[in-house]
Each structure stands twice: as structure tokens, then as C-alpha cells.
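The structure appears right after this line, and notes come after that.
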Amino acid sequence: MSSGPGADSAPAPTDHHDAPLTTFSSLAVRNYRLFFIGGSISNIGTWMQRIAQDWLVHELTGSATAVGITTALQFLPMLMFGLYGGVLADRFDKRRLLFITQASLGITGLLLGLLTISGHVNVYHVYALAFVVGLVTVVDNPTRQTFVADMVGPRLLPNAVSLNSANFHSARLIGPAVAGVLITAVGGGWAFIVNGLSFSAPIVGLLLMRSGELSRPRRAARKKGQLREGLRYVGSRPDLLWPIVLVGFIGTFGFNFPVWAIAFTDGVFDAGAGSYGLLNSLMGGGSVVGALLAARRGSRRMRFTFAAAAMFSAVLMVASAAPFFWVYAMLMVPLGLTAMTFQVTANAGIQLASDPEMRGRVISLFMMVFMGGTPIGAPVVGWVTDHFGPRVGMLSGGAVCLLATAALAMVLARIGGLRLRIDLRAGRRAVALVPRDPQPLTTTA
């Protein structure tokens, strides 16, 4: 990527301004196509490692709390240092940063695989490497997220964000199933090895990209106070601040699927690693559908994001009462669909609402509260699950998310000069947000 300080912000030449938008429009851009293919391969390895890592910790400790601690350690660096990753993404060449982060993630996978296969692994090794992965992710996540805009331009950005999510969760259909087979047949160590090797694919994709077809956004100059500048910017924008707060609640108390799924698989339904892999695959299938629907719909309206959050919370609560394994498994599809619809629409809306020179810091704050909330939420829901049972743990997580969604929706409605109208007359919309006054404040809700 040949960008430098002072370069003007411009969309990529391959933005395809006149082409009609379709579900897969972004794949017409060569650089994004290479990025997508490389990610498809590494994402399968990533899902294999996630399943194998959770199962390995469960085998070593027999504790849902330990699984929660592992998840927490992987996301703790995002909570501690997340904004620094955004500063680096705004300041340095994103393509070069991705070379470094992808290679580092591959090395950690290979190291955990060698420790496991050799029989020397213990839970503290897993904890340490999970923390290292988290440190790399602090830089990798905002860089990878904002690099998409450099490849496809603003018009295709919502579509590309949705396809990225579909890509990641399509791998969830394959990775967990393969991991389950490998764990049963030869042990989880080989899943870690495969994951480490899979990062060669995105590295090759980055090497093959055409620099001239990447946009050149203005890089943030090195100066003091860039973290505070990013926080002030978000604080001054309600259309950024309150969706990010909602993302924090959902990420902290709702996106703790590994903790609950392992507890339900082993403790409620007395099933094995293969069943746990199946649950992940089914949720991945729902996530793919949700991402593709978001890619086609292209909605960036805040109210749609809040509606998706409410639906996700409700499905969590319903799933907590599933009487049989097959009912619980089938509910993973709508759970994945609503979770991904929320995540994609929130991500795309926040990126597009941000100024290009601030986008790295804004998206890093988004990822910090989304992923960084897990170190707080995962041990808490793990403790509740261990002491009160998986059903209470999952139900309480869904209830907290639903209450937060309703409360924040009311805050935004008030800021925007809106009120809730309930009209039960035939032919009228039953529930709608309408202006409180004849001339309400402008809102993006």
C-alpha cells in the first residue's frame, strides 16, 4: 500500500460507482477478492483453534469458569490497550501492519499445537498464549476492519463488512466440525497446527494485492493526545456513542457462547466434543444467513441495529429453556442470525458515520467495548453458570442484554425528539417511533 502522510482521502479506483449493488458486489474488486479468499482459509483454522482450545481447557480443568478465564485473557488486551491499536491503524501503513499481525497469529497457533502434541501443555500455557493472541488482536482488528474501506471505498463498505462476517462465520460451518473430528481421532493439537499454517493464505493474498488500486486515506500524524482526541470525537457524536455503549452490553453479557455451550453440552445434555462442534456449526450457519441478508439489505439505520439486539436477547432467553438437545441445537440458527445482523449493522453504521482520519480510533473503541467486555462478562457468566446452572446463566445474560437495549433505545429516542406510539387500529403500524414535537431534533435513528 503506497500511502503516506498528507495523501488525500479517495475511494479505491475499483469502487464500481455505476454497478448495481448485489449481495456479492464487493467481490468484483480484485484486492478485496484476494483478501476474502485468504481470510476464508485462515478463518477455518481460527474456528478449529477456538473449539480445540475451549475443549482442551475443559479437559484440563473440568471447569466452566476456567473456560471463561481463557476467553477473558484472550480479550483482556482489547479492554486494556484497544485504543492504541486504533492509533496505530490510523498512523501506519495498514497492509504492512497486517503482514506482521497475521504472521504472529500463525506462530502462536503452531506453538500451542507443538506443546499439546508433545504432552507438555498445561492450562497456564493456554492462558499465556490466549493473552498473546489478544495482544496481537489489539492491532490486527482495527487495522483489518478499516483496511476494507481502503480496498472497496465507501459505497461498497457496508456490503464488504457483511461479506467479511459471512466469510468468518461460513468457516464456522467447517472449522468446528473438523476440530471435533480431529479431537476425537488424533487430539486437539493438530487443530492448532492447522490453524497456524492457515495464516499463510492471507499473507500470500496481501503480497498479491495491487497497491495502485488501494485508496490513500490521510494518515494521522504522530502527536500527543490522539487517544483523548478519539474519545472526545466519539463523545461529541450521539450517533456513535450510544450504539457503542449498546455493543458493550451485548459483547459483555450476550456473546459468551463458549461458556454456555460447553456447560449445556456436557452438564445438561451429557454430550461430547462432536455435539459441541455441531452447536458451533449451526450457530455459524445462522450467522452466515444473517450476514448475507445484511449485505443485501444494506441497512445502516440505528433503529434496525437496536431491533436486532432485542431479537438476539430474546432468542438467548428462549434457548435457556430448551428441554432437549435437538431443540437447543435448532435455536442456534436464529441465535447466530440475530447476533450477526446486530454486529454487522452496528459495525457498518459506525464506520460510515466516522471521518476517515478518525475511523481507526472509532472502530478500535467499538472493538474494545465489544471484545474487551468479554474479560468482564465471561468469568461472571461462568461463575453464575457454575453456581446456579447453565439455564440460569444463559437466561440472565439474555435478560441483561434486553434491558440494556430497551434503556438505550429510550435514551436515543429522547435525544432525537421521538416517542413510542402504539396504535392497534387495523391498517396502521402497531408500534412506531414518531416525532414528539412538530420539529424534532435530527436523528440517525
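Each value in this text was obtained by applying a stated rule to the coordinates, not by laboratory testing. Because the structure is a prediction, the values reported are computed rather than measured. Glycine gets a Cβ as well: all are built from the backbone with ideal geometry, and neighbour counts include every protein chain shown.
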At a Förster radius of 56 Å, what calculated FRET efficiency corresponds to the Cβ-Cβ distance of Asp355 and Asp270, to the nearest 0.05? 0.55
Which of rounded, prolate, oblate describes segment 134-196, given a ≥ b ≥ c as roots of the alpha-carbon gyration tensor eigenvalues and a/c under 1.5 marking rounded, otherwise prolate only if a/b is larger than b/c? oblate
Solvent-free Debye scattering, log10 I(q)/I(0), computed from the Cα coordinates of segment 124-243 at q = 0.15, 0.18, 0.20, 0.21 Å⁻¹: -1.05, -1.29, -1.39, -1.43
May I ask you to order 119-129, 343-353 by the average number of other C-beta atoms within 10 Å around their residues, highest value first? 343-353, 119-129
Take the Cα pairs of segment 86-164, get the Kirkwood Rh, then feed it into Stokes-Einstein at 4 °C and 1.567 mPa s and tell me D in µm²/s. 91 µm²/s
In whole Å, what is the distance between the alpha-carbon centres of segment 241-311 and segment 77-115? 24 Å
Find the centroid of the Cα atoms in segment 341-399 and in segment 170-201, then give the distance between the two in whole Å. 25 Å
Computed Rg/Rh of segment 32-177, alpha carbon atoms with Kirkwood Rh: 0.99
